[in-house]
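Here the structure comes first, spelled out in structure tokens, and everything after it is commentary.
The values are calculated or read from the model by the stated rules, or taken from the named source; none is laboratory data. These numbers come from a predicted model, not from an experiment. Neighbour counts are summed over all protein chains in view; Cβ atoms, including those assigned to glycine, are modelled from backbone coordinates with ideal geometry.
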Amino acid sequence: MSKEKQTKAIPPLPLPGEPNREDAIASMIRVDHAGEFGAKRIYKGQMDILGPDHPSYATIKHMAEQEDEHLEAFEELMMERGVRPTALYPFWNVAGYTLGAVTAIMGEKAAMACTAAVEEVIDEHYQEQRETLSAWNTEPELNKKIEKFQAEEVEHKNIALEHGAEDTPGYKLLSEAIKIGCRSAIWLSKRV
């Protein structure tokens, strides 16, 4: 047995002006709920435009059903913990549907480019949350839930790439524009 003194890492405390842990976790739940709602609306817009006879419809529907499961989980957490939804909820309703519909109008590959971009940002976002919860050594059940949902979001991104997302004309520009929009939505939904 080593005689070296083992020290336990002290979880980082909030800096002045940052929310306390309870408020930070409420913010996580709020933004995740908003994001899953936005994803649900994106897929709804895509499915409405492409229609049930489109070859990618079943694939998009599968991803949408997983987003429904994620949304339900965050709705339950909000009710259990008394977390308010974002005040931007009505905006995300319209913005998500519009993004899905417009990219589907551009074609199947553009719809998949949208999915790949959104899911890349969500993967990064969920990873950041998991690292924070791990550093704080708190909320193991929430961390486990986020880990599961993160894996499914990565699966969606990979499906989109397999369906030719990167073959979309102007893919890099479209992808970056969508990522900027997603990061802005996350920033706003944490605060509003």
Filtering the range 127-151 down to residues that are touching a residue at least 40 places away in the same chain (Cβ under 8 Å) and within 15 Å of residue 70 (Cα to Cα), which residue is surrounded by the fewest Cβ atoms within 10 Å (Cβ to Cβ)? 145
Does residue 160 satisfy the condition of being surrounded by fewer than 16 Cβ atoms within 10 Å (Cβ to Cβ) and among the hydrophobic types (A, V, I, L, M, F, W, C)? no
Could you tell me whether the range 38-48 includes any residue that is in contact with a His (Cβ under 8 Å, 6 or more places away or on another chain), farther than 16 Å from residue 189 by Cβ and in a helix (DSSP H, G or I)? no
Looking for whichever is within 26 Å of residue 26 (Cβ to Cβ), in a helix (DSSP H, G or I) and β-branched (Val, Ile, Thr) here; the options are 94, 83. Which one fits? 94
Checked the range 95-128 for anything in contact with a helix residue (DSSP H, G or I) (Cβ under 8 Å, 6 or more places away or on another chain) and among the charged types (D, E, K, R); matches are 108, 109, 119, 120, 123
Can you work out which of the residues in the range 168-192 that are surrounded by 14 or more Cβ atoms within 10 Å (Cβ to Cβ) and not hydrophobic (A, V, I, L, M, F, W, C) is nearest to residue 128 (Cα to Cα)? 190
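So that you can scan it fast, the table gives a plain yes or no per residue for (1) within 23 Å of residue 188 (Cβ to Cβ); (2) hydrophobic (A, V, I, L, M, F, W, C):
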position: 70; (1), (2): yes, no
position: 87; (1), (2): yes, yes
position: 105; (1), (2): no, yes
position: 126; (1), (2): yes, no
position: 131; (1), (2): yes, no
position: 136; (1), (2): no, yes
position: 160; (1), (2): no, yes
Residue list for the range 1-44, restricted to those being surrounded by fewer than 16 Cβ atoms within 10 Å (Cβ to Cβ) and either at pLDDT 95 or above or among the β-branched types (Val, Ile, Thr) (or both): 7, 10
Anything in the range 97-122 that is surrounded by fewer than 17 Cβ atoms within 10 Å (Cβ to Cβ), of a type outside the set (A, V, I, L, M) and part of a helix (DSSP H, G or I)? List them, or say none. 98
All but one of (1) of a type outside the set (Asp, Glu); (2) modelled with pLDDT of 95 or more; (3) crowded, with 16+ Cβ neighbours inside 10 Å hold for residue 85, so report the exception by its number. (2)
